[in-house]
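The values are calculated or read from the model by the stated rules, or taken from the named source; none is laboratory data. Note that the structure is predicted; figures quoted are calculated from it, not measured. Cβ sites come from the backbone with ideal geometry, for glycine too, and all protein chains shown count toward neighbours.
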Amino acid sequence: MLTSIEGKSVIVTGASKGIGKGIARVFAGKGAKVLVVARHPDAGNETVDEIRSAGGTAAFCQGDVSSWESMQAMARVAADTHGGVDILCANAGIFPNVQLTEMNSEEWDEVLNTNLKGTFLAVKACVPHMPKGGGGRIVLTSSITGPITGDPGWTHYGASKSGQLGFMRTAALELAPHKITINAVMPGNIATEGLDGLGQDYLDKMTASIPLKKLGRVEDIAYAALFFASEEAGFITGQTVVVDGGQVLPESLMALEEMEG
Ligand code: NAP
């Protein structure tokens with residue numbers, strides 16, 4: 001049993017849907033005060049309503065992770081509403097699928113600005129609001145795509161997700177004197193609204209390629225993030241955990257077939 005995060009102020013970027021919503025729900029369920037951040041207020045406010053209906057504490061903040069002014073405003077809202085920032089879950093991300101030869105520079109920039117620069121801006125904005133005595137926690141949502149695997153149509157995405165880990169390792173060193181840790185969860189394929197858009201055929205084939213024969217749940221990522229955010233994980237920084245049902249393990253299709261007997 002981990003020490004309670006009850007009463008901690010948590011910011012979750014990209015919390016109106018998918019994995020971020022799962023993180024927000026799980027952290028709020030553990031008694032944290034959650035700031036739900038997204039660009040579109042409707043889905044964000046729905047997340048807040050769901051958390052409040054379940055007895056949790058949450059507020060919505062409209063924010064765009066690719067904007068420095070917006071991230072500064074977000075951190076100020078957390079300070080004013082929830083008394084500071086104990087935990088930042090930098091989760092917002094996009095994954096449009098475009099082949100390299102078709103991709104234009106605006107499409108590249110949009111993904112890098114959201115996923116990578118957005119991580120930097122959220123972290124930079126939140127650090128000054130973290131407890132001066134130490135104990136601040138930052139958890140990034142990276143991916144297996146990029147750091148470990150490749151997937152056609154996602155060169156920009158893979159670069160952004162690998163970039164987050166490069167950013168994290170040096171940030172871990174710079175933040176260590178402030179007793180702030182920064183770690184990353186690397187999800188495999190998680191059942192979210194975002195993946196629904198890729199179609200049933202994609203989902204079926206993806207499920208078949210995962211040794212545990214199911215897509216992950218948003219809670220699977222949330223519990224890994226919760227561990228990194230815990231007091232017990234206080235000696236872990238600059239590290240990653242893969243949460244993918246074993247997806248990166250098979251060396252070949254033969255390995256998967258042999259498992260099935
Ligand atoms: P999702 O369901 O599409 O949700 C994305 C969330 O991010 C939404 O709340 C969206 O709200 C927000 N968002 C997007 N752009 C933003 C911006 N510029 N500023 C602020 N918020 C923004 O996505 P997901 O599948 O949960 O993915 C969440 C994270 O997990 C991403 O970093 C993704 O790379 C990573 N991941 C996902 C999977 C997976 O299988 N789903 C696998 C590996 C990694 P608004 O549109 O209203 O802003």
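Some points to look at:
- LEU173 being at pLDDT 95 or above, of a type in the set (A, V, I, L, M) and closer than 30 Å to LEU198 by Cβ: no
- Residue selected from the range 117-156 under the condition among the hydrophobic types (A, V, I, L, M, F, W, C), near the ligand (Cβ under 10 Å from one of its atoms) and in a helix (DSSP H, G or I), by the criterion surrounded by the most Cβ atoms within 10 Å (Cβ to Cβ): ALA122
- Per-region count, the range 219-255, residues crowded, with 19+ Cβ neighbours inside 10 Å, acidic (Asp, Glu) and in a helix (DSSP H, G or I): 1
- The residues on offer are VAL26, VAL77, VAL37, and the sole one that is of a type in the set (A, V, I, L, M), within 16 Å of the chain's Cα centre (by Cα) and surrounded by fewer than 23 Cβ atoms within 10 Å (Cβ to Cβ) is VAL26.
- Some residue of the range 76-99 being more than 27 Å from VAL241 (Cα to Cα), within 14 Å of the ligand (Cβ to nearest atom) and in a helix (DSSP H, G or I): yes
- Within the range 29-50, considering residues that are closer than 21 Å to GLY93 by Cβ and among the aliphatic types (A, V, I, L, M), the one nearest to the ligand (Cβ to nearest atom): ALA38
- Within the range 134-161, tally of residues that are under 14 Å from VAL242 (Cβ atoms) and of a type outside the set (Gly, Ala, Ser): 8
- Pair list, Cβ < 6 Å and 6+ apart or interchain, from the range 26-37 residues that are among the charged types (D, E, K, R) to residues that are in a loop (DSSP other than H, G, I, E, B): LYS30/ILE5
- In the range 1-23, residue surrounded by the fewest Cβ atoms within 10 Å (Cβ to Cβ) [restricted to those that are in contact with a strand residue (DSSP E or B) (Cβ under 8 Å, 6 or more places away or on another chain) and of a type in the set (Val, Ile, Thr)]: ILE5
- Subset of the range 157-191 [more than 16 Å from the ligand (Cβ to nearest atom), hydroxyl-bearing (Ser, Thr, Tyr) and crowded, with 16+ Cβ neighbours inside 10 Å]: THR181
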